[in-house]
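For reference, the structure is listed below as C-alpha cells.
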Amino acid sequence: MLVPVTSLPRAGLGRVLEELGTTLLDVVCGDVELAHDIGGVVIYDTLDEPELPRNALVMGVGLHDLADIARVVTRLGQRDAAGLVVRAPVVPDERLVAAARASGVAVLAFARGASWTHLTGMLRTLTAESGLYNTDAPTFGRIRSGDLFAVANAIAALLDAPVTIEDRNSRLLAFSSRQEEVDPSRVQTILGRQVPEQYTRILEERGVFQAMYRSDRPVFVAPLPETGDTLQPPEMPRAAIAVRAGDEILGTIWVVVPEPLSEERSQALYEASKLVAMHMVWQRADADMERRLRAELLSTALESAPGSLDAVRRLGLKDEPAVVLALTVVGSTTEHPLPAQLATERKRLADAFAMHLSAVHPRATAALIGDVAYGILPLPQNRQDAEERAVWIATEFLARVGSRLRPLVGVGQLAKDSSALARSRSGAERALRVLRSGIAGQQVALLDDVHVEALLLELADLVPRGDIPSGSVARIVAYDKEQQTSLVETLRTWLDAFGDVAVASATMFVHPNTFRYRLRRAAEVGRIDLKDPNARLSAMLQLRLMSIRSAPDD
C-alpha cells in the first residue's frame with residue numbers, strides 16, 4: 001500500500017452501506033457511525049489470525065455460529081477494528097448485541113449467493129486511499145474523479161431510476177442505490193459483479209450491443225424473456241448507452257425504465273455518458289500511474305541500496321522480516337501465446353497477485369517490473385516456517401487464479417529486515433529461473449529446494465556452448481549418432497541409479513544382461529573408467545548440463 005502524499009478521508013462504514021446497503025450488506029447490530037473511516041479490508045482466518053490495520057473491516061468467511069461471532073467481535077474490538085462482515089442470514093442474540101456494543105465493532109450481514117472475492121474488491125475500491133491523489137486531483141461537479149459509485153448515484157437521481165455502469169466485457173464497475181426495485185437479472189449482476197452469461201448472449205443475439213455501438217444516443221432494450229419462475233418478479237426494460245472516449249468504447253450505462261426515454265431524458269443520459277467517460281479515463285490513467293509508481297518504489301526497495309529504506313516506508317512496509325516472491329507466466333504445452341498476450345496476462349496476474357498478498361497481510365505489496373511481478377510479504381518474526389508459509393501462500397494463489405498459460409512463482413529466503421531484501425529477491429529470481437527451465441517440473445519453488453538445479457544453470461552459463469559435451473561423453477554421443485544406438489541414455493540411467501544395474505535396466509525396460517553389455521560398450525567407446533569417481537562425476541555433470549541446455553527456457 002502506498003503512503004499517501006496528502007491525507008484524504010477514507011470512506012467510513014456509513015458510505016459503504018450507502019453504496020452497497022440493501023443489495024449486498026445489512027446491519028445486524030452495532031453502531032456503524034462509530035467508524036468514520038476504514039483503514040483496510042482484511043479476510044479473517046480462524047486458524048491464523050491476520051494482522052489488522054486500525055479501523056479494519058474484517059471479512060468473517062466461514063463464521064456462522066453466533067457464539068463464535070460474538071467471541072470474534074470481542075477480539076476485534078481489542079484490536080480497534082471497525083466492523084465484521086458475516087454471511088447472511090444472521091439473527092443476533094443478546095450475547096452478540098452486547099459484544100458489538102461493548103467492543104464498538106459493527107456486525108454486517110453479506111447477502112447469500114454473492115462472492116466474497118467480489119465484495120472484497122468493491123470494498124477496496126470504495127475505501128482505497130491512493131498515494132497518487134492530491135489536492136489538485138480533478139473533480140467533475142462535486143464528484144472526485146474516478147468515483148464511479150457517486151457518478152452512478154448522480155445519474156440515478158437525474159433520471160429517477162436505478163443505474164449500473166459496466167465495462168466492455170459486461171463486468172460491473174459501479175451501481176446506484178434503489179437496486180431493490182429491479183429484476184432478477186440485475187440482482188444477479190450485482191451479486192456476481194458480472195452480467196450473467198445467458199443474458200449477455202440474448203442481448204448479443206438481439207443485436208443490442210451493435211445498436212449501442214453504432215449510435216451515440218440511448219437505445220431502448222425490451223424486457224428479457226421470463227425465467228418461468230412465478231415467484232420471481234418479471235424482467236424490466238432498460239435504456240442503455242455506450243460510453244465513449246473518442247472512437248474507443250469504454251463501457252456502457254444501463255438504466256431500468258418502464259418505457260423509452262423522452263428526448264429531454266435521453267439528452268441527459270447522453271451528457272452523463274460523457275461524464276462517465278471522463279471518470280473511466282481518469283480512473284484508468286490513475287491505475288496505470290499508481291502501478292508505475294509502485295513498481296519504481298518496489299524496485300528501489302529490492303535493491304537494498306541508499307534510498308531503499310525510504311522506499312520501503314513509502315510502500316507502507318516496516319523494517320521487518322519479509323519474503324520476496326517472483327511471479328511470471330510462460331506458454332504452456334498447448335498454448336503458444338504472442339508476446340502481447342503474454343504481457344497482458346502478466347499484468348492481469350500481477351494485479352491479482354497484489355490483491356492476494358494484501359489479503360494475507362495488510363502491508364504486503366506487489367508490482368510488475370519488466371516481465372516479473374515481485375511481491376514483498378511481511379511475516380511474523382517469531383515464525384519458524386516463514387519460507388514454507390510463503391510457498392503455501394503462492395501455491396494457494398496459483399490454485400485460485402485461472403490462467404490458460406503457465407504461471408510460475410519463485411520464493412526467496414527470509415529477509416530479517418529491509419537491508420536483506422536484495423538477497424531474498426536474488427533467491428526468488430534464481431528459483432524462478434529453475435522453474436522457467438522446466439527441469440524442476442513444478443510451478444512454485446523455494447530456492448533451498450532447487451538450489452542444486454540453480455547452481456547447474458549458473459554453471460551452464462559459465463561453460464562455452466561448444467565445450468559440452470567433451471572427452472568421453474563426446475565420443476559416446478558421436479557413436480550414438482553414427483550407429484543409432486542408445487549408449488548415452490544407458491550411461492545416464494546407470495549414473496542416476498547410483499550404479500544399481502537392476503534398477504537402471506528396469507527403468508530402460510531391458511534385461512539386466514543386455515544393460516550390462518550396453519554399459520560395457522559405452523565405457524569402451526568413451527574410453528571411460530566407470531570405477532573412477534572423478535570420471536563418473538565429470539560424465540554426470542556433462543550429461544546434466546546437456547539436458548539443461550536442451551530444455552526450453554522462456
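Each value in this text was obtained by applying a stated rule to the coordinates, not by laboratory testing. It should be emphasised that the depicted structure is a prediction, and the values quoted were computed from it without experimental measurement. We place every Cβ from the backbone using ideal geometry, glycine too, and count neighbours over all the protein chains shown.
Observations, loosely collected:
- A full extension of the chain between Arg54 and Arg95 corresponds to an added length of 12.3 nm, given 0.36 nm per residue minus the alpha carbon distance.
- Annotation: the residues Met278, Met289, sorted from fewest to most other C-beta atoms within 10 Å of their own C-beta, follow the order Met289, Met278.
- With contacts taken as Cα pairs under 8 Å at a separation of at least 6 residues, the range 140-285 carries a relative contact order of 26 percent.
- Overall, the ratio between the Cα radius of gyration of the range 302-462 and 2.2 N^0.38 Å, rounded to two decimals, is 1.00.
- Placing +1 on each Lys and Arg Cβ and -1 on each Asp and Glu Cβ, with no other charges, gives the range 302-462 a dipole about its Cα centre of roughly 460 debye.
- Cα-based helix-to-principal-axis angle, 471-483 vs the chain, degrees rounded to 10: 90 degrees
- Average Cα contact separation per residue, the range 302-462, under 8 Å, 6 or more apart, as relative contact order %: 29 percent
- Angle in degrees between helix 421-437 and the longest Cα principal axis of the chain, rounded to the nearest 10: 70 degrees
- Distant-in-sequence amide contacts of Val243, defined by a placed amide H-H separation under 5 Å and a gap of 5 or more residues or a different chain, comprise Leu250, Gly251, Thr252, Ile253.
- Look at the dipole of the chain built from charges on Cβ: of Val187, Gly316, Tyr517, the Cα furthest out on the positive end belongs to Tyr517.
- For the listed peptides 507-520, 100-113, a ranking on the average number of other beta carbons within 10 Å per residue, highest first, reads 100-113, 507-520.
- Note on the chain: dipole from Cβ charges, positive end direction compared against Gly246, Ala154, Gly427; the farthest Cα belongs to Gly427.
- From least to most packed, judged by other beta carbons within 10 angstrom and beginning with the fewest, Lys531, Lys347, Lys318 follow the order Lys531, Lys318, Lys347.
- Residues His64, His361, ranked from the fewest to the most other C-beta atoms within 10 Å, line up as His64, His361.
- Compared with the dominant principal axis of the Cα atoms in the chain, helix 116-127 is inclined by about 60°.
- Computed lengthening from Glu396 to Asp319, 0.36 nm per intervening residue step minus Cα-Cα distance: 25.1 nm
- Net lengthening on full extension, Arg521/Thr344 (0.36 nm per residue, minus Cα-Cα): 58.4 nm
- Rounded to the nearest 20 debye, the dipole size of the chain about its Cα centre is 1480 debye, using +1 on the Cβ of Lys and Arg and -1 on the Cβ of Asp and Glu.
- Helical mean residue ellipticity (222 nm; -39500 (n - 2.57) per DSSP H run of 4+; nearest 500) of the chain: -15000 deg cm²/dmol
- Remark: the range 13-127 carries a charge dipole of roughly 60 debye about the Cα centre, counting +1 on each Lys and Arg Cβ and -1 on each Asp and Glu Cβ.
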